Amino acid sequence: MKGKRVLTGKYFMMGNIACAEGALAAGCEFAAGYPITPATEIANRLAERLPQVGGVFLQMEDEISSIATIIGASWTGKKVMTATSGPGISLMLESLGFAVGVETPCVIVNVQRGGPTTGMPTAGVPADMVQPKRGSHGDYEIIALCPASPQEMFEHTVQAFNLAEAYRVPVFILADAFVGHMREEVVIPEPEKISLVYRKIPDVGTDPQKIKGFLDVDVAPMPIFGKGFRSHVTSSCHDEYGKRNLSDLTALDHFIRQLSNKILKHKEDIVKVERDYEGAEVVLVSYGAVSRAAQMAAARAREEGLPVGTLRLITVWPFPEEEIETMARRAKKVIVLENNLGQLYPFIKAEAAAHADVSFLPPRVIGEIQDPENILQKIREVLK
Amino acid sequence: MSEIVHPLHKFIRPYVTSTTNCPGCGNGIAAQAILRAVDELGMTLDDFVFVTGIGCSAWIPSPFFDVDVLHTTHGRPIAFALGIKVGLPEKKVMVTSGDGDLAAIGGNHLIHNARRNVEMVVICLNNGIYGMTGGQAAPTTPLGLKTVSTPYGTFENSFDISELVIAAGATFVARWTTHHARQLTATIKKAIQKKGFSFIEVITQCPVQYGKKTGSGSAVQMMQEYKEKSILVKEAAKLSKEELRGRIVVGELVEREAPEMLEEINKMKKKVSGEKA
């Protein structure tokens, strides 16, 4: 295993380990973190594996410095990540906005647990679904992926690095303790079969005065440090050249809109969902671990001859409004399943309610995956 | 007729035509000391990456110096700088920030990176006040001083930041005032060459938010006071704690050797890859 970046093979592997291996396969060179349940295995694995391939893992004094130090390293051209859980994300939020504001590629894994506050660290609850998008102050767009299996912990982590590099934006993996601690078959492909993306940088030797390194909706080349670009990188309102402007409101408007439009313009390329609702009257909308129960319930319902389909959100941010609308236009009834009190439900309802009856099926007990039998009961209810 | 150009103008970002510092601010003295040190060492700013937090002193390199600079969140510049140093170990990384940024909101990163002994230079402009936000008390404000946030006088003891950083394990720690521009330049030169965490505290005047509001006088009066109160560290060693009350101990307070973190990481990597260290 020593020295190999990609551990090609078939494994019975924990989700968190698969996530760390996905990072290695994606080319991660630097990671930093702070111990926290239920995400710690990712950091432990990176601490062991990164030095084997010439990388570095640092255990920091807190999560604030974890995100700060990976952002710093990203500005030197490295592919970087950090992994934590809800309380750690809460601490990271200010610098998350910084990373958005100066367009820094980085991957942030949240293995979610039971909140609020210290809650129940080992419980698998997708408790922070809106936090990446609305947690830091100000308007901004971000990318977040929702894995439902250890295999996806590997694959989504690779995708997260690719998206971060392509769009110069922090990309979240919104896992939870279910998926993070689950052990299942994980297939790691050969390195040639894993496509990787690297950020664009300006041509070395370009006149620093002429480098437009920011605020391009088609993603400006990143004027990384150490190449003679003499980059002025400030998260305060700035223009395409990075020049600060703290007095002109139209400059602020431009700053905010360009950052958001950079993601929204490419939404079609970014958003991934799994559709299985051909001819269905009832569609179960879910994501992450709960989608496994939804798929099982849909399969059983179909066996009974009930017209049931599923829509699984893989990308939850930017929010897949168009996908929800398309689905709702075809369905009659939409049931939203989440293992929380309905964090994405209002967003889904806002798109779907004009075209279908939308209802929410909360978990019987928060942190307990819905029993497919309960879901079936709900399906029969809405079909009555 | 040829134009007369300041010898350090080559280090100023081309589009910068004016300073945001208030008249009498000590930032200019510190900025000149940094640039003189770089120049006298025969280095260029391309050998450096500068990192700053939030506060007036964060604006010294951002945008004035023509250099790679990351202007970060409040209190965190040292944490960002750590990642930059790991990514670009061949570059010199310098942080300029204030007492509020480094000793209040960012205190944790200051002590932990002093402990790690990561090679970088941290220059702390200590004006004993929150200048940018209008003169609130800082952890460095003397006990009893009236400020806008302590209208009846502060009731908290103040920090000796240099002593804090020494205790945390930094391998080079010095303190000067803005009255000691030449000594400061010489010390910055040593700090840049030091393989370890270097911390330089610069006692500096904020004539607007400190001098005017607390009755300490103009910039000149404040610098005059620094001159009178300062005592060299080797002279201070002969005096008792009582006798040193109200004095500013200046000079190179600590210079020592300790394992530097990036060198330790490289040793670890070699061990892991089976190479002989």
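The values are calculated or read from the model by the stated rules, or taken from the named source; none is laboratory data. All values reported here derive from a predicted model rather than from experimental measurement. Please note: Cβ atoms are built from the backbone with ideal geometry, for glycine as well, and neighbour counts cover all protein chains shown.
Figures for the structure shown
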read-out	value
Residue selected from segment A:1-37 under the condition in contact with a Ser or Thr (Cβ under 7 Å, 6 or more places away or on another chain) and under 20 Å from A:Q159 (Cβ atoms), by the criterion nearest to the other protein chains (Cβ to nearest Cβ)	A:A31
Options A:I70, A:I64, A:I42; residue that is closer than 22 Å to A:M182 by Cα and buried (at least 23 other Cβ atoms within 10 Å of the Cβ)	A:I42
Residue satisfying all of: in segment B:73-114; in a loop (DSSP other than H, G, I, E, B) and touching a helix residue (DSSP H, G or I) at 6+ places or on another chain (Cβ under 8 Å); farthest from B:A58 (Cα to Cα) among these	B:P89
Qualifying residue in segment B:59-69 (condition: more than 9 Å from every other protein chain (Cβ to nearest Cβ) and modelled with pLDDT under 95)	yes
Wholly within segment A:120-200, strands (runs of 3 or more DSSP E) carrying at least 1 residues that are closer than 19 Å to A:G77 by Cα	A:170-176
Test: B:T141 is hydroxyl-bearing (S, T, Y), surrounded by fewer than 22 Cβ atoms within 10 Å (Cβ to Cβ) and in a loop (DSSP other than H, G, I, E, B)	no
Matching helices (runs of 4 or more DSSP H) fully within segment B:212-277 where at least 1 residues are among the aromatic types (F, W, Y)	B:219-229
Segment B:209-234: number of residues that are modelled with pLDDT under 95 and either of a type in the set (S, T, Y) or under 14 Å from B:V250 (Cα atoms) (or both)	3
Residue satisfying all of: in segment A:38-65; part of a helix (DSSP H, G or I) and within 8 Å of chain B (Cβ to nearest Cβ); nearest to A:P87 (Cα to Cα) among these	A:I64
Any hit, segment B:260-270, residues being farther than 26 Å from B:T150 by Cα and more than 14 Å from chain A (Cβ to nearest Cβ)	yes
Close pairs (6 angstrom Cβ cut-off, 6 or more residues apart or separate chains): over 21 Å from A:L252 (Cβ atoms) and modelled with pLDDT of 95 or more in segment A:83-103, β-branched (V, I, T) and crowded, with 24+ Cβ neighbours inside 10 Å anywhere	A:A83/A:I42; A:A83/A:V109; A:S85/A:V111; A:L91/A:I64; A:M92/A:I67
Wholly enclosed helices (runs of 4 or more DSSP H) of segment A:286-368 bearing at least 3 residues crowded, with 24+ Cβ neighbours inside 10 Å	A:290-303, A:321-330
Lone qualifier among A:G27, A:G15 - being crowded, with 22+ Cβ neighbours inside 10 Å and within 18 Å of the chain's Cα centre (by Cα)	A:G15
Residue that is surrounded by the fewest Cβ atoms within 10 Å (Cβ to Cβ) [pool: residues in segment A:1-12 that are modelled with pLDDT of 95 or more and in a loop (DSSP other than H, G, I, E, B)]	A:T8
Breaking point among (1) touching a helix residue (DSSP H, G or I) at 6+ places or on another chain (Cβ under 9 Å); (2) under 26 Å from B:G215 (Cα atoms), for B:G153	(1)
Flag if B:T20 is in contact with a Pro (Cβ under 6 Å, 6 or more places away or on another chain) and either surrounded by 14 or more Cβ atoms within 10 Å (Cβ to Cβ) or over 20 Å from B:T187 (Cα atoms) (or both)	no
Residue match in segment B:88-98 (condition: at the interface with chain A (Cβ under 10 Å from one of its Cβ atoms), touching a His at 6+ places or on another chain (Cβ under 7 Å) and crowded, with 24+ Cβ neighbours inside 10 Å)	no
Residue ID - nearest to B:L70 (Cα to Cα), chosen from residues in segment A:89-106 that are of a type in the set (V, I, T) and within 14 Å of another protein chain (Cβ to nearest Cβ)	A:V102
